[in-house]
Amino acid sequence: MPKITVNNVSLYYEIYGTGQPIVFVAGFSGDHTAWQNIVAEYAKSYQVIVFDNRGIGESDCPDYPYTTDMMTDDVVGLVKRLRLGPVHLVGHSFGGCIVQNMAYKYPELVKSVVIANSFAKANVRLRLYTEIRAELINANAPDSAVIKFVSMLCWSQLYLKQPGMIKKLVQEGFFPITITGYKHQANAMFNFDSTQWLNKIKVPCLIIGADDDMLATVEQAEYLKQNISGSEYYCFKNVGHVPHVEQPGFFNKLVLKFISQY
């Protein structure tokens, strides 16, 4: 199980395939397994790097408030230590904030960026979701209740109404995050605001939204599109916050077509 030390934290990572490197950056409270159902498709033609952000999974969980700059520098450190050179970045949700920041501050390390179901600034519903989930955990609510609450906001109605889906989600459980990592990642997410510098991003960008996403709305995706000059945009229909799980085949086709240009 490979780990690498960057910025005084040990990060867990995995590498698959060969070719131009693609670094996948998971969102808030998600680890490298967030990408497990799509990694093999990219590894056919690219070198795929997945990892655990600080505060989750098998990476270190230092007990102090995190910032997006700090977590961006972790990705930069990983890229440099692995000698990857310029990379394609795919970031989901808060991971999309991290890749925005990296594209702005370290464009020399970036070939292209995919910003999926993300935002320039967290909305009220995302804040409430994060706070209520923490309160449920601190109140020792049953995991099944917390998972159902999370599912209600993260998945589309179409996805949730599939026979046996709720039971399946409860059985699969959560990504491995402690309440310490949870609160410090949340601090980074809630203090992120790219509205003042989005228009300075010059690397090629694909923005992805979904019309049944309540945590990162279509309006927020469109804001990114409108403020990143030359960016491409696609909106999934009848899909929630995680299109690479709900519609992995089309998500992969969309992303692969985009990054193949660069």
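Checking Gln100 against (1) assigned to a strand (DSSP E or B); (2) polar (S, T, N, Q); (3) in contact with a Ser or Thr (Cβ under 6 Å, 6 or more places away or on another chain), which single condition isn't satisfied?
The single condition Gln100 does not satisfy is (1).
Assess whether Val50 counts as being free of Cβ contacts under 8 Å to residues at least 40 places away in the same chain, under 14 Å from the mean Cα position of the chain (by Cα) and under 23 Å from Val245 (Cβ atoms).
So Val50 fits the description; yes.
Testing Val23 on (1) assigned to a strand (DSSP E or B); (2) farther than 21 Å from Lys111 by Cα; (3) hydrophobic (A, V, I, L, M, F, W, C), one condition comes back false. Which one is that?
(2)
Could you tell me whether any residue of the stretch 116-129 is more than 19 Å from Pro243 (Cα to Cα), touching a residue at least 24 places away in the same chain (Cβ under 8 Å), in contact with a Gly (Cβ under 8 Å, 6 or more places away or on another chain) and buried (at least 17 other Cβ atoms within 10 Å of the Cβ)?
Looking for residues that are more than 19 Å from Pro243 (Cα to Cα), touching a residue at least 24 places away in the same chain (Cβ under 8 Å), in contact with a Gly (Cβ under 8 Å, 6 or more places away or on another chain) and buried (at least 17 other Cβ atoms within 10 Å of the Cβ), one finds none in the stretch 116-129, hence no.
Pairs needed: first member in the stretch 60-78, polar (S, T, N, Q); second member anywhere, part of a loop (DSSP other than H, G, I, E, B) and surrounded by fewer than 20 Cβ atoms within 10 Å (Cβ to Cβ); C-beta distance under 8 Å; at least 6 residues apart or different chains.
Every condition considered, the pairs that remain are Thr67/Asn191; Thr68/Asn191; Thr72/Tyr106.
Of these, Thr180, Thr195, which one is farther than 14 Å from Gln100 by Cβ, β-branched (Val, Ile, Thr), out of contact with any strand residue (DSSP E or B) (no Cβ under 9 Å at 6 or more places or on another chain) and surrounded by fewer than 15 Cβ atoms within 10 Å (Cβ to Cβ)?
Numbers: Thr195 fails: farther than 14 Å from Gln100 by Cβ.
Only one candidate qualifies: Thr180.
If we keep just the residues of the stretch 32-47 that are more than 14 Å from the chain's Cα centre (by Cα) and among the aromatic types (Phe, Trp, Tyr), which is surrounded by the fewest Cβ atoms within 10 Å (Cβ to Cβ)?
My answer is Tyr46.
Considering only helices (runs of 4 or more DSSP H) fully contained in the stretch 106-223, which possess at least 3 residues that are within 18 Å of the chain's Cα centre (by Cα)?
Working: elements: 124-138, 143-154, 157-160, 165-172, 179-190.
Ranges flagged: 124-138, 143-154, 179-190.
Could you look through the stretch 59-97, keep only residues that are in a helix (DSSP H, G or I) and under 14 Å from the mean Cα position of the chain (by Cα), and pick out the one that is farthest from Thr33 (Cα to Cα)? Talk me through it step by step, then tell me what you get.
Just the residues of the stretch 59-97 that are in a helix (DSSP H, G or I), to begin with: 68-81, 94-97.
Keeping just the survivors that are under 14 Å from the mean Cα position of the chain (by Cα) gives 68, 71-72, 75, 94-97.
Numbers: Thr68: 21, Met71: 18, Thr72: 19, Val75: 17, Phe94: 16, Gly95: 14, Gly96: 17, Cys97: 19 Å.
So the residue we want is Thr68.
Every read-out reported here was derived from the displayed coordinates using simple, explicitly stated rules and does not represent laboratory data. Keep in mind that what you see is a predicted model, and the values were worked out from it rather than measured. Please note: Cβ atoms are built from the backbone with ideal geometry, for glycine as well, and neighbour counts cover all protein chains shown.
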